[in-house]
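The values are calculated or read from the model by the stated rules, or taken from the named source; none is laboratory data. None of the values given here were measured: they were computed from a predicted structure. As a convention, Cβ positions derive from the backbone with ideal geometry for all residues, glycine included, and neighbour counts pool all protein chains shown.
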Amino acid sequence: MKINGIINNLCLKSAKVARSKSITVGSNSLLGPYHYPSTPENTLYKLDFGIKLSKKHKIELKRKEDIPNLKKADVAIFMAHPDDEICFFSFIPNLINQNKKVQLVYSTSGERGRDVRGIFERFAPEIKDLRENELRTSLENLEVNINPLILGLPDSFTHLEDNIKTMKSMVSSIIEKICPNEIYTFGPEGVTNHTDHKAIGGVAFAVVKDINSSKTKEGKIKLYQVGFLEKSKKKIIKFTKKSTKAFTFVQAVNSAKPSFKFNISKSIPNIIKAFNSHKTQFTPETVEALKHYFKTNKYIDIFEANV
C-alpha cells in the first residue's frame, strides 16, 4: 500500500475525516507528507510516523461576538494579521512583565497570506485555520498567555470604506469595554505600507482622538505607534532581503527620534521560536536571518501620537 494511502486510512480511522476533506501539507517525516484533517476550533492534528497526535492549545481565540464580554485591560494592541505580534509588536512580553493587563486585537486572520512553503495555493481556504493555529503557537512560544481577539474582517480589504466603518465601530466598542490607558498600533506608514496595517492604525488613531476630545489631560488615552527609523529600516532589509520580501517594503518613520524604546533582548530566544511558529509565512532561512538581525538590534522604537 502506498504511504499516502496508509495516511488516508489513518485519518479516516482516527480522525473520522472523509478522504476528500483531508489535506497533505508538507513532507517532514520519514513516512512522507504530514496529513492534517479538518480541525476543530482549538485543536491541531498531526500524523507523524502513523501516530495521531492532538495538541490542545492554551490560547483560545475570541471573535467579534465576544466583544461585550471583554475584561478591563491596561493596554490594547491593535494589529492586522497573525505574525504582527512578532514582526512589529514583539515587546508584548515587556508589557506583561510590567504587570499590565493586555488585550491583543487582530483585524483579520491573514487568510490571503501566501504560503511560503508552496504547499497551499494562494487564497486556499485552509490558510485561515493554519494561520490562526500558528498565532496560538506563536503566543505560547512568546509565553504570552493572552486570548487574542480576531475581528474577522477580510484580509487585504480592510481599507475599503464599508470595512473601515465596521472596524471603527468594533474598535470603539472594544475601547469602551476594556477602558485601556495605553494603546499600541501602526503609524501612518503601516511600517511596511500594507493597507491593512494603515487601516487599523488609522482607525485606532481616529477613535482615540475622538474619545480624548472630551477628556481632561489626565484622563486621555495615550496612543503609541510602532515604526522604524531610517537606520533600523536599512538594517532589517539588509539582513532579510535574500530570504524574504516581507521587510523590503519597510517605510522609515518621519521622526528624528522615538518617544521611547523597548529592550527586547531577554525575549529574543522566544521571539525566534515564535517566528518559527509561523511556518506558512517564514522559511527557516528567514528565521536564521532574523537571528542575526536580533544580535545587534535589540530595541523596538515607539512613537507617541498627538491625540
Positions within segment 267-292 being in contact (Cβ under 8 Å) with a residue 24 or more places away in the chain and over 23 Å from D115 (Cα atoms), in sequence order: S267, I268, H292
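Matching residues to (1) surrounded by 19 or more Cβ atoms within 10 Å (Cβ to Cβ); (2) farther than 15 Å from S138 by Cβ; (3) in contact with a helix residue (DSSP H, G or I) (Cβ under 7 Å, 6 or more places away or on another chain):
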| position | (1), (2), (3) |
| --- | --- |
| K245 | no, yes, no |
| T248 | no, yes, yes |
| A256 | no, yes, no |
| S267 | yes, no, yes |
| F275 | yes, no, yes |
| K279 | yes, no, yes |
| P284 | no, yes, no |
Of the criteria (1) in contact (Cβ under 8 Å) with a residue 24 or more places away in the chain; (2) crowded, with 18+ Cβ neighbours inside 10 Å; (3) closer than 17 Å to Q281 by Cα, which one R117 fails: (2)
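Just to be sure, is T158 of a type outside the set (G, A, S) and modelled with pLDDT under 95?
no
Can you tell me which residue in segment 203-243 is surrounded by the fewest Cβ atoms within 10 Å (Cβ to Cβ), limited to those that are small (G, A, S) and in contact (Cβ under 8 Å) with a residue 24 or more places away in the chain? So that I can check it myself, show each step before the final result.
Initially, segment 203-243 is screened for residues small (G, A, S), giving 204, 206, 213-214, 219, 227, 232, 243.
Checking which are in contact (Cβ under 8 Å) with a residue 24 or more places away in the chain leaves us with 204, 206, 227, 232, 243.
Numbers: A204: 29, A206: 15, G227: 25, S232: 18, S243: 18.
Only one residue tops the list, namely A206.
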Top-ranked residue in segment 140-173 [being free of Cβ contacts under 8 Å to residues at least 40 places away in the same chain and touching a helix residue (DSSP H, G or I) at 6+ places or on another chain (Cβ under 8 Å); ranked as surrounded by the most Cβ atoms within 10 Å (Cβ to Cβ)]: N163
